Amino acid sequence: MKSLLQRITFTILASVCSASIYAAEIVDLSQYKAEKVIYIDFWASWCGPCRQSFPWLNKMHAQYSEKGLKIIAVNVDADREDADQFLLEHPANFDVVYDPEGTLAEKFNIQGMPSAVLISRSGEVLSQHIGFNQNRAKHYEEAIQQLLVKEKDDE
Amino acid sequence: MQLDKKTTVYDLIALASCSLLGVSAPVLAADTSIDDWKVDTAILYYNETDRVSAVESAVSISKNLGGDKILSGKITMDSLSGSSHNGAAISDYEQTFTSPSGEETYTIAPGDVPLDPNFEDDRNSFSLQMSQPLTRVMNLEYGAAYSSEYDYKSLSVNASLMRDFNQRNTTLSAGFSYAQDEINPRDGLPVLYSLMSDNTKSGSDTKNTIDLLMGVTQVINRNTIMQFNYGFGNSTGYHNDPYKIVSIVSDATNAPLDYLFENRPDSRTKHSLYWQTKHHFDQDMVDFSLRLMADDWGVNSQTLDMHYRWNISDNNYLEPHVRYYTQSAADFYEEKISNAGLTAEQVATQYQNEGRDVTADYRLGNMDATTIGVKWGARLFGTHQLTSRIELYQQSGDSKVSDVDAIIFQVGYGLKF
Amino acid sequence: MNKKLGVLLLLVIPLTACSGLGVKPWQRDILSKPEMTFGDSPMDAAFDDHIYFSKEASSGGRSFSGGGCGCN
């Protein structure tokens, strides 16, 4: 019986884009087990609020990556070019993976765009939220902080 | 490399084709490309051959107040002039009419469409609209508008509610609007069932209209979306066009005896069904709609509207457009009234005693109308939009009075910042 | 008119009752294009509505915005 983290790992592999021109690298989420709180963000080039969420994600990455936050942005664009164009306009300092078939989005049962999934250090999906609102940014940040602090205390 | 669903997750560990992208240099500057403001402006020129021409201009500004709350305002200014059909029928005889003010006359040659050359009007309107989310899946919109022209003023309010279902694949919408109009010509309204020769005019009147609209917007598939609306409208009050007359023609000589000011019912109930589809191909898009309307005046109409958007490039498009419209005449529409041996005054009295409605306004008669046009649009510098369209609009009906040819030309500019 | 109404309603109702229609939230790339939303050229629509309302006996019927990326 595989742990959730291992399941997620394999799922990310399964959602890979078809082009083999990209450098081969395995995304193994189990490397983060017991170490990192994972924030998975589902985004697309055509998603308006994603333009606002990216700067905020960069900010979170800058502030909390050393404290144990790992941000993984999953792109669901059907065309890789659209995602690349978006990243040119809104650069990301965090990791970006590609899910053009939507396999990963399906696995997480995404209900709307953009969607964020917060995963604890022990591999549990703790919360999911739909949408990104500048007014709610503080609220999202607090959720991350709480998780980082709590998990640290647990150790 | 293809991955099919049968591949087990364990097999996939051997397949290393996932790409991880990381940006080398961290981004320091904050990216605040939020489009708060939206400004749209357009100017339209409308010209009917030998009849009415108009210039209309509009400016619309909207601001995102945060939290997807959007406030928008719009100002429209129209200027109309030219000749307009006064309701009388074409005659083999020369006809002389009194202008609405009663101070001037104009003469129409035999066989010509009776057009009043003194038509002139300016209209200004202003509207304010607010849109705000109530919950993540529910949106409320409300607003008010005021419009004023030489002899007609209108004040209206509207509100609508929209709710998403099925992961936003289905949206149910319901809206209403209420308008209060005042008809107040400078020289007053013609007395009911009076004749043009009487020239008795006084007073003003009002009309109230309520409109209800209910709709479903449904995503069909990845590149197709449809909307279905049912509309109900009810208006009560003064519906007459205070300037329109109906010819009373002699049975014996076919000469016009006098002209009766039209009279329409004081209430009108309309039902409409509307269906619109938008379908996107690889590059281009087609948008077509059908509207069916019926009312208790006996007017039934069908409208078919089609746009084909030819996306020449990411920033350029050409959109041909065609519209077919057909309507059946109102029950009380008459091209002219036969006197049946009576004098004009007697005919007027008869109509008054019967409380009979009559209009010769060709816009309530049998009519077919076709519009054909093309629109060009371009996006410049990312956030600027330039559009231009030219259309030909043609109407025809039971007689030459309904033959109208118009050209429509519009230029528009929009900006987001 | 009533016959036409009936036929149209018969076509419409089953279509909307079928919640099997639609796409996943991450498949709204084409639907999010402005031309695929309802009410995407309000200036044109307002001018047209005014012209046709002044020159014909029918008015309105279409008024709701809708479609789009479905974000937030």
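Against the criterion of being without any contact (Cβ under 8 Å) to a residue 40 or more places away in the chain, touching a Phe, Trp or Tyr at 6+ places or on another chain (Cβ under 9 Å) and small (Gly, Ala, Ser), B:Ser396 does not qualify.
Within region A:90-118, restricting attention to residues that are under 22 Å from A:Leu148 (Cβ atoms) and polar (S, T, N, Q), the residue that is farthest from the other protein chains (Cβ to nearest Cβ) is A:Ser115. As a summary of the residue check, B:Tyr146 satisfies the conditions (1) surrounded by 14 or more Cβ atoms within 10 Å (Cβ to Cβ); (2) without any contact (Cβ under 8 Å) to a residue 40 or more places away in the chain except for the one numbered (1). One residue is enough: does region B:207-220 have a residue meeting the conditions crowded, with 19+ Cβ neighbours inside 10 Å, part of a strand (DSSP E or B) and away from chain C (no Cβ under 13 Å)? For region B:207-220, residues crowded, with 19+ Cβ neighbours inside 10 Å, part of a strand (DSSP E or B) and away from chain C (no Cβ under 13 Å): present.
Counting only residues that are part of a strand (DSSP E or B) and farther than 14 Å from B:Lys74 by Cβ, region B:142-154 holds 6 of them. Screening region B:53-86 for residues that are within 14 Å of chain A (Cβ to nearest Cβ) and either in contact with a His (Cβ under 8 Å, 6 or more places away or on another chain) or free of Cβ contacts under 8 Å to residues at least 12 places away in the same chain (or both) and picking the one that is farthest from A:Arg136 (Cα to Cα) gives B:Leu65. The residues of region A:119-152 that are in a loop (DSSP other than H, G, I, E, B) and either within 14 Å of chain C (Cβ to nearest Cβ) or in contact with a strand residue (DSSP E or B) (Cβ under 9 Å, 6 or more places away or on another chain) (or both), listed by number, are A:Ser120, A:Arg121, A:Gly123, A:Gly131, A:Phe132, A:Asn133.
Scanning region B:171-197 for residues that are buried (at least 19 other Cβ atoms within 10 Å of the Cβ), over 30 Å from B:Met77 (Cα atoms) and either β-branched (Val, Ile, Thr) or free of Cβ contacts under 8 Å to residues at least 40 places away in the same chain (or both) yields a total of 1.
Yes/no per residue for (1) more than 14 Å from chain C (Cβ to nearest Cβ); (2) without any contact (Cβ under 8 Å) to a residue 24 or more places away in the chain; (3) in contact with a strand residue (DSSP E or B) (Cβ under 9 Å, 6 or more places away or on another chain); (4) of a type outside the set (Asp, Glu):
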| site | (1), (2), (3), (4) |
| --- | --- |
| A:Ser45 | no, no, yes, yes |
| A:Arg51 | no, no, no, yes |
| A:Met60 | yes, no, yes, yes |
| A:Gln63 | yes, yes, yes, yes |
| A:Lys70 | yes, no, yes, yes |
| A:Ala73 | no, no, yes, yes |
| A:Ala78 | no, yes, no, yes |
| A:Leu88 | yes, yes, no, yes |
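Under the condition of being under 27 Å from B:His271 (Cα atoms) and small (Gly, Ala, Ser), which residue from region B:221-259 is farthest from the other protein chains (Cβ to nearest Cβ)? Per the stated criteria, the residue is B:Gly237. The requirement of being under 20 Å from the mean Cα position of the chain (by Cα), more than 11 Å from chain C (Cβ to nearest Cβ) and surrounded by fewer than 17 Cβ atoms within 10 Å (Cβ to Cβ) is fulfilled somewhere in region B:283-295, by at least one residue. All of B:Asp211, B:Asp266, B:Asp241, B:Asp287 fail the test of being at negative phi and free of Cβ contacts under 8 Å to residues at least 24 places away in the same chain, apart from B:Asp287.
Every number here is computed from the coordinates shown, using simple stated rules; none is lab data. Predicted model only: the values in this text are computed from it and were never measured. Reconstructed Cβ throughout: ideal geometry from the backbone, glycine too, with neighbour counts over all protein chains shown.
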